[in-house]
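Written below as structure tokens is the structure these notes are about.
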Amino acid sequence: MRMREASTDRRRCRFVKANCRRQLAGPRLRVYRPPVRENPRFNFQDAGGFMRSRISLGAIGAVLIAGSACAEPQERLNPMIGLHEQGQPLFGMYAPANRRARAGAPAAEQKTHAQLAQETLGFTGSDYVFSGSMEGNIERGLAAWTPYVEALMGAGATIRTHPLVVKTPGIAEDLEAATRNIGQQLNTGVSGVMFVGVESADEVRHGLAAMRFGANGGTRSEDVGNAPKYWGISEAEYREQADLWPLNPEGELINWTIVESMEGLANVREIAAVEGIGVLWPGAGTLRGLFSTRDESGQRVLDAEAWEASIQKVLDACKEFDVACGFPANESDIEMRIEQGFSVFVMNWGEAGFRTIDVGRQAAGR
């Protein structure tokens, strides 16, 4: 009970400064390790283009020497969780990627994984690196993602400087495959997994179990792949620390869950109530499509009021159950979304995304 109260209190300190955690729980003492809660039981059978001076090989050197903005604060292996515990908002970007040429257009120049990694390290304003490349096809996505992560390591990145978050394919369609997919992704060194298209609390519980080793009540396979290498720790240390926060306050993995369907919206309170979700998101782009129709000329027409109401419904559930809420913001709306209560943001790679992070950081006092 003490562990649960402490975890809840910390999360209610959202947007309070860095001494909040110390005021609530005192210094973080390694000699005391709270008991780890098991999962509740469940029942069922963008490519970067030309970059201005802010992105340069000189900046990469600064990253390797001093660490990027991702490295705040230093007391957590996963700095994203440290920012959550400090009540600070998070700003991240999609990983840079090679653009696909349009039909009939000449093939675009393809950057190597090493070049994409250098590009990633050249921008120091992001708290994490995000990829949605595995949502549709895990095998094809992993084939491109794995060498990119290896290139990041070769350039000097670790979980401390560039924590990684990825989308996993839908869970409900194939539960066994979902468990396997999540394990494969974690083995690449990611520190966060986003569940897409979630429509029920049971889906979330199944996915959360797949993020935890059996010793912690989960269903994740015992192999760890290259994850310890990206985290910069031994395999034994990885097994100890690669558990789900905030179910385990000492865990360094985080879950994101996205609601983006009518059924998901109908069940959003039950979804938000599942213990173990780190960040809940409205799927703003998908929801926009759900609330759009075509007029007589064939043009798409958005019911802006209904679309915004769906976003606010997810945010209300986040507030009710004290879960951080995420949003894919842009330069024109990020200040408004911060004021509304959203605290985790992801932007597309490129100059517009860089500007959005600048605006968001200034608005949040970071």
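Just so you know, all these numbers are worked out from the coordinates, no wet-lab data involved. Since this is a predicted model, take the numbers as computed values, not measurements. Using ideal geometry, Cβ is built from the backbone for each residue, glycine included, and neighbour counts are taken over all protein chains shown.
Each principal axis of the Cα atoms in region 234-277 has its own extent, and those three values, largest first, are 44, 16, 8 angstrom. As an equivalent ellipsoid, region 173-299 spans semi-axes of 32, 15, 12 angstrom, where each value is the square root of five times an eigenvalue of the C-alpha gyration tensor, largest first. Rounded to whole numbers, the Karplus 3J(HN,Hα) couplings from phi for region 77-85 are 5, 9, x, 4, 5, x, 5, 4, 5 Hz, using 6.51 cos²θ - 1.76 cosθ + 1.60 with θ = phi - 60°, and x at Gly and Pro. A Cβ-based charge dipole, computed about the Cα centre of region 268-366 with Lys and Arg at +1 and Asp and Glu at -1, lands at about 220 debye.
For region 137-198 and region 346-366, write down the distance between their C-alpha centroids in whole Å. Spelled out, the Cα-based centre of one part sits 24 Å from the other.
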